[in-house]
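Presented below is the structure to which this report refers.
Values quoted throughout were computed directly from the atomic coordinates according to the rules given, and no laboratory measurement underlies them. Please read all numbers here as calculations on a predicted model, not as lab measurements. Virtual Cβ from ideal backbone geometry, glycine too; neighbours counted across all protein chains shown.
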Amino acid sequence: MLFLAFTICRTIIKYILEKRLQVLLMPGLDDVNPATMTENISASSTNIYRDRIYIIKDIILKLVEYNEMNQTALFSFCGLNLKKHKPIIDDLEKNGLIQKKGVTNGKRVVTMYKSTPEGIKFCKSILEPYENMFPRNKPINDK
């Protein structure tokens with residue numbers, strides 16, 4: 001049983017590393033560096049309010065960084081609430097900025113999300129200049 005769990009974990013890690021390598025080798029993404037693009041993402045609970053535009057940017061950048069994520073991981077990594085922020089994800093999919101697909105895992109269907117080239121282009125051409133012009137608010141410390 002332990003060997004099976006180890007084998008599954010090793011397979012998952014190998015899959016994740018291969019997918020991240022594919023993102024780095026995708027044509028047209030030569031100048032995209034997820035490590036530097038995500039430095040402004042702040043999904044901690046210290047922020048009281050995040051504008052919708054920053055949430056959208058965080059979602060797209062997380063999908064670029066990890067290439068493909070399931071719904072739970074995406075919402076967790078971006079610091080979002082599934083019930084509250086699901087309409088944002090649906091809007092991004094409807095507008096072609098992210099891609100959604102269902103992967104069957106036994107009896108369950110896992111929802112996977114992936115960024116599209118249009119989403120990456122939108123992020124670089126509109127969202128990054130917007131954040132440069134109007135930076136996110138820093139949390140207020142009462143010290």
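Quick notes
- Extension gain, residue 132 to residue 84: 0.36 nm times the residue separation minus the Cα-Cα distance gives 14.6 nm.
- Estimated inter-spin distance, residue 72 and residue 118, nm [label 7 Å along Cα→Cβ]: 3.1 nm
- Residues of region 49-66 with amide N under 17 Å of the 7 Å Cα→Cβ point at residue 94: 52-53, 56
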